[in-house]
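Structure first, then comments.
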Amino acid sequence: MKWRINTVIGGALIALLLGTAVTAALWTPFDPLRINLKARLQAPSALHWFGTDEFGRDVLSRLMAGAAASVVVALATVLIAVSIGVLVGGVAGYLRGWTDRIIMAVNDALLAFPGILLALAVMIVIGANKTGLVLALGLAYIPSIARVVRGTVLSIREKEYIEASRVIGNSELYSMLRHVLPNAIAPVAVLATSMFGWVLLAESALSFLGLGVPPPAPTWGNMLAASRPYMETAAWLSIAPGLCIALTLLGINLLGDSLRDRLDPRMAHG
Amino acid sequence: MLGYLARRLAMTIPTLLLVAVAVFTLVRLIPGDPVQVMLGDNADPAQAAQLRTQLGLDQPVPLQFLYWLGKVATGDLGHSITNNLPVLPLILERFQVSATIVLVAVGLAACIAVVAGLIAAWKQNSALDLAIVGGATLLLSIPSFWLGLLLLLLFGLKLKWLPVIGYVPFSENVWQATLFMVLPIVTLTAVEIGVLTRMARAASIEVLRLEYVTHARAKGVPEWLVLGRHVLPNAFAPTWTLIGLVLGHLLGGIAVIETVFTLPGLGRLLVDSIFARDYPVVQGCLLFTAVIYVVVNLIVDLCYPLFDPRVAVA
Amino acid sequence: MTAPLLTVDHLRIEAARTGAVVVDDVSFAIERGEFLAVVGESGSGKTAAARAILGLLPPGLRRVGGAIQLDGEDLADIAPRRMRALRGRSVGMVFQEPMVSLNPAISVGVQMAEGLALHEKLTRAEIRQRCLDMLVRVQIRDPARTFDAYPHEFSGGMRQRIMLASVMLLKPKLLLADEPTTALDTLSQREVLDLMVELARDHGTAVMLITHNLGLVSRYAQRAVVLRQGKLVETGSVRQILSAPREAYTRQLVDALPRRSAASGRRVAGDPLISVRGLKVSFGGRQRLFRRDADVAAVNGVDLEIGAGETVAVVGGSGSGKTTLGRAMLRLIPAAAGEIRFQGRDVIATRDRAFRLASQLVFQDPYSSLDPRMRVGEIVAEPLRHVPELSSSERDRRVAGMLDEVGLGGFAHRWPHELSGGQRQRIAIARAIVRHPSFVVADEPVSALDMTIQAQVLKLFERLQAQYGFACLFISHDLAAVEQVADRVVVMQGGRIVEQGSRDDVFDRPQHEYTRALLAATPVLDLAGQAAARASG
């Protein structure tokens, strides 16, 4: 029963996030970039629900625009990481032998850089902007996907239904495409869901450090960074963006849990 | 047992080499000429050529790598461009700050998480379990830097219990130093409790299902001993592996926490060096963190047979 | 006569969440020192009934009614502390899976001593001595070393003995043994059960053996209780239940036991369909840091011939190489040496495609041999990919016909997880037969199934073989099943064939010592003094 509550809350939060992200440009109450120095640092009010920032910009509008930026970055990153990771891990698991060993040695060396550090390093090379961020985070997360895919492929290949496919006379490549890959999708889907959360968090962290999407374009991370000098006088500036990140992550974690429960029947009865 | 140690150690060498290659390549890929960066825009061409020779940059790239690797092996990570200090001592000094926070936080988080996870698994599907899992999921969802900011706001600015900005080394004033460390440690601990509790709970549930737990109960073993002797050691093994990953992950992500609390740690050094285009320091920090990560996981794996004697033979 | 040691009255157990009844109004009793068998298939509630005695029902199950009395003491509403004092002390329990019923993180000695330390006041030295004595008693060769070793260092049979030793150390009044030897091969099964009976007799312990194996019941038990879907079917002396069952279900169980059919004389003269010469399969030794362990020969020089339509059974204990032989004959595992000829052609060197398409395999585990993401119809149709001359409508007809043949017509759109174990195995057989192979390797095809299902699947298999005339290599550790289906029998030990001959020759006039040991260890219904004759023979 528990996963149903998870699914409902998680699904609602993520639907809200995606809905806002897609439609943000159409109905933000104010222009998220318009500076109005007369309305600096106003506390939340009927006009500005979440107050205004140090340049008099409407915080709610900026949060909505920030959602769009974060979702675009996270989705693009997950897409890159999953497609390349599945390819690399799949090839390693399919060919095995020396190819596998070499691919996995490189993979493990890359895994030795904690994800955000690798992204940071790549950002230095590519530069701090949205494209750079996507490429850097994508590259940073490829190794973990590749590792999971390879492990899954190898364990599925040991299953008896793969041996059955071989006895039938199917080629190895056919068995791989028809039997191994469809069964490997579930764990990858679970991983991709949690990865969406990690990427969102990493993106905010990098933006917070000033290494992500550069201002004035709003992201939750750089809004949080900009709020620090006004923490005492305008606490809403620090609370609102963080709350957005936390609720999004909560939604993803809940959704990820129910997805895992559904796809892994062993856990469902737990 | 010795075979396991030897095998695990041998596996580390290629990883470390590849880590070195990756760091070296990365810094080569950074756009711009390092000599130009070091000397400024209006440099004398002769001086530039001399520096190029001095740095070995006129050699073929593989030779440059070997030359660099040789220096790294002797602990020479070069000098900072900004202040010309040797990189390694700089890193080691900053690392002490980061390591203290991370180790204390992970230690605390692990102790709390293992107990909470075990209790949640034992009382699976009860209200207590729901509360623990819900709490862990909530903690997991809070970004560390935001939690840090909120704690600063509350304890530093509103209640004024703890200092807000700055840092005092332990060598100068232990009490003051501790006060500065409290909030960063609490922040990291809270965040890591989330991950570790969920892992400990899942592992404990797996173990609680196994026959040997029923076997212990069928012998009349009291419940606290069943949990302590039969469940905990077996459920701890997977959590232990995760602790290694978490340690490394934190070392990478510590920069944000150090930024929030203005601590002079390794992560802050890296970020500042990136802004200052101080590439020798950037390169040193990346290499150092990766090596620490590899070593931490090596230690974790080497300790693993203590919890699971099967590994030493397998 | 004194009161029984244990009485179970109107026991009722339900699943807490769904309210499904797992044990429904079951009553039985055990006398002191008696050997009672509780017989049932999966879903009969036999394990739940046994665990309820110690209050160890798995989470999700709960006792909702009935009384349990041990030695006049009511166990149903007992304080937890008192129950813990009885567990181990008065009632011991032995579990099925030797691989997961000992704690891998703790040494054997600590686990053995645990019960003693809890229930008796002894010094460490006394505890150690008692444990060592008991290890000697269960015929463990190096007790002192065993005491300090960890469970993973032992084979399944050794672990079951260690478990038995640790339970019997406390001389319980009642021993609950839940399928204690199901995971063991025939020889270890015999050894462990013989030891159990001996120890129980010495300590005056009553035994409640939970099993699905009527052969074991006939050999060891005095009385039996038959359960089906949570209900008590019948109870009585073993002799009466096996020779004159009162209930239809009990009769069905007895009838499900494999029986020797009249010799078929299917052995065809002339060239064999498949001949194997000097077949050798080695597995690479483990890669150490600087050296590699020597290769291990799993199959070591096997010669074998199989005629068209003939069933050759390969029997042997675990590690005998029988499964490897089957896989190697299908070229799923490369042979290190030797040749395999199919209709006279060498199939190893040429990677013969015709042989691949003419041979099939049926697996032991019906749960992992079907792709969970394919529908039953697709699974059965898949081998026909390689029969290009079939039009798609012909193919559909062939699949539907095949499903009808295995009694699962109309199941084409189901998913494997919607089927029972027996149904899955029928699908696996349908997949193997649909292309009309001339050679099928059946690797323990029924040993994962319930007894009545086993009988049905074996019957189906025999019928299909008669109909389609394929030759079969029937790999099994279950000599009773082999006796029913085989034309010829090959006995393997340590990768070599130690004896082969016609079924009747091998069963009635075994030549090799190992064959005789296997036959003696095989539990059969002891209705005509058969087993006694064999054991002494």
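The values are calculated or read from the model by the stated rules, or taken from the named source; none is laboratory data. Small disclaimer: the values here were computed from a predicted structure and weren't measured. Cβ placement follows ideal geometry from the backbone for every residue including glycine, while neighbour counts extend to all protein chains displayed. Accessible surface areas use protein heavy atoms only, side chains included; no ligands, DNA or RNA. Shrake-Rupley method; radii C 1.70, N 1.55, O 1.52, S 1.80 Å.
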Assuming A:Leu211 fulfils every condition listed in (1) crowded, with 19+ Cβ neighbours inside 10 Å; (2) assigned to a helix (DSSP H, G or I); (3) within 10 Å of chain B (Cβ to nearest Cβ) apart from one, which condition is it?
(2)
Close pairs from region B:281-310: first at the interface with another protein chain (Cβ under 10 Å from one of its Cβ atoms), partner of a type in the set (D, E, K, R) and open to solvent by 20 Å² or more (accessible area, probe 1.4 Å), Cβ under 6 Å, at least 6 apart:
none
Name the one entry in C:Ala165, C:Ala206, C:Ala224 that is touching a helix residue (DSSP H, G or I) at 6+ places or on another chain (Cβ under 9 Å), surrounded by 23 or more Cβ atoms within 10 Å (Cβ to Cβ), away from every other protein chain (no Cβ under 14 Å) and of a type in the set (Gly, Ala, Ser).
C:Ala224
Which residue is least open to solvent (accessible area, probe 1.4 Å), if the candidates are limited to region C:338-361 and must be free of Cβ contacts under 8 Å to residues at least 60 places away in the same chain and part of a loop (DSSP other than H, G, I, E, B)?
C:Val347
Please go through region B:261-279 and give me each residue that is at pLDDT below 85 and either surrounded by 19 or more Cβ atoms within 10 Å (Cβ to Cβ) or at negative phi (or both), ordered by number.
B:Ile274, B:Phe275, B:Ala276, B:Asp278, B:Tyr279
Looking at region C:82-102, which of its residues are open to solvent by 60 Å² or more (accessible area, probe 1.4 Å), more than 8 Å from chain B (Cβ to nearest Cβ) and farther than 19 Å from C:Leu118 by Cα?
C:Met99
Scan region C:26-41 residue by residue and report those that are open to solvent by 30 Å² or more (accessible area, probe 1.4 Å) and more than 16 Å from C:Arg12 (Cβ to Cβ).
C:Glu31, C:Arg32, C:Gly33
Tell me the residue from B:Thr262, B:Thr239 that is touching a residue at least 40 places away in the same chain (Cβ under 8 Å) and within 14 Å of chain A (Cβ to nearest Cβ), please.
B:Thr262
What is the one condition in (1) within 14 Å of chain A (Cβ to nearest Cβ); (2) open to solvent by 30 Å² or more (accessible area, probe 1.4 Å); (3) at pLDDT below 85 that B:Val21 does not satisfy?
(3)
Name the single residue, out of those in region A:101-114 being within 15 Å of A:Ile84 (Cβ to Cβ) and within 22 Å of the chain's Cα centre (by Cα), that is least open to solvent (accessible area, probe 1.4 Å).
A:Asn107
Go through (1) assigned to a loop (DSSP other than H, G, I, E, B); (2) away from chain B (no Cβ under 11 Å) for A:Leu259 and report which single condition fails.
(1)
Of all residues in region C:362-381, count the ones that are within 12 Å of chain A (Cβ to nearest Cβ) and open to solvent by less than 10 Å² (accessible area, probe 1.4 Å).
9
Set C:Gly215, C:Gly157, C:Gly230: member being closer than 20 Å to C:Val23 by Cβ, open to solvent by less than 40 Å² (accessible area, probe 1.4 Å) and not aliphatic (A, V, I, L, M):
C:Gly230
Taking the criterion of being charged (D, E, K, R), free of Cβ contacts under 8 Å to residues at least 12 places away in the same chain and in a helix (DSSP H, G or I), would at least one residue in region C:154-176 satisfy it?
no
Looking only at residues in region A:113-141 that are touching a residue at least 40 places away in the same chain (Cβ under 8 Å) and not in a helix (DSSP H, G or I), which one is farthest from the other protein chains (Cβ to nearest Cβ)?
A:Asn129
Out of the residues in region B:204-237 that are out of contact with any His (no Cβ under 7 Å at 6 or more places or on another chain) and not in a helix (DSSP H, G or I), state the one that is surrounded by the most Cβ atoms within 10 Å (Cβ to Cβ).
B:Lys219
If a residue has to be under 26 Å from the mean Cα position of the chain (by Cα) and either part of a helix (DSSP H, G or I) or over 24 Å from B:Ile205 (Cβ atoms) (or both) to count, how many in region C:43-80 make the cut?
11
Right, A:Leu154: closer than 22 Å to B:Cys285 by Cα, more than 14 Å from chain C (Cβ to nearest Cβ) and of a type outside the set (S, T, N, Q) or not?
no
Within region B:121-139, is there a residue that is of a type in the set (Gly, Ala, Ser), surrounded by 21 or more Cβ atoms within 10 Å (Cβ to Cβ) and within 20 Å of A:Ile5 (Cα to Cα)?
yes
Filter result (open to solvent by 60 Å² or more (accessible area, probe 1.4 Å), at pLDDT 70 or above and not in a helix (DSSP H, G or I)) within region B:24-52:
B:Pro31, B:Asp44
Do we have any residue at all in region B:81-103 that's open to solvent by less than 20 Å² (accessible area, probe 1.4 Å), closer than 18 Å to B:Gly194 by Cα and out of contact with any Cys (no Cβ under 7 Å at 6 or more places or on another chain)?
yes
Taking the criterion of being assigned to a helix (DSSP H, G or I) and under 20 Å from B:Val27 (Cα atoms), would at least one residue in region B:89-112 satisfy it?
yes
Being surrounded by fewer than 16 Cβ atoms within 10 Å (Cβ to Cβ) and in contact with a helix residue (DSSP H, G or I) (Cβ under 9 Å, 6 or more places away or on another chain) is the filter here; which residues of region A:84-100 pass it?
A:Leu87, A:Leu95, A:Arg96, A:Thr99
Taking region A:223-245 on its own, how many of its residues are touching a helix residue (DSSP H, G or I) at 6+ places or on another chain (Cβ under 6 Å) and assigned to a helix (DSSP H, G or I)?
12
Would you pick out the residues in region C:476-492 that are closer than 15 Å to C:Asn213 by Cβ and in a strand (DSSP E or B)?
C:Ser476
Odd one out for A:Ala146 among (1) touching a residue at least 12 places away in the same chain (Cβ under 8 Å); (2) over 22 Å from B:Leu16 (Cβ atoms); (3) open to solvent by less than 10 Å² (accessible area, probe 1.4 Å):
(2)
Out of all the residues in region A:158-182, which are of a type outside the set (Gly, Ala, Ser), open to solvent by less than 20 Å² (accessible area, probe 1.4 Å) and assigned to a helix (DSSP H, G or I)?
A:Tyr161, A:Ile162, A:Val167, A:Ile168, A:Met176, A:His179, A:Val180
Can you find even one residue in region C:42-54 that is surrounded by fewer than 19 Cβ atoms within 10 Å (Cβ to Cβ) and at pLDDT 90 or above?
no
Considering B:Val195, B:Val182, which residue is open to solvent by 40 Å² or more (accessible area, probe 1.4 Å), among the hydrophobic types (A, V, I, L, M, F, W, C), in a helix (DSSP H, G or I) and more than 13 Å from every other protein chain (Cβ to nearest Cβ)?
B:Val182
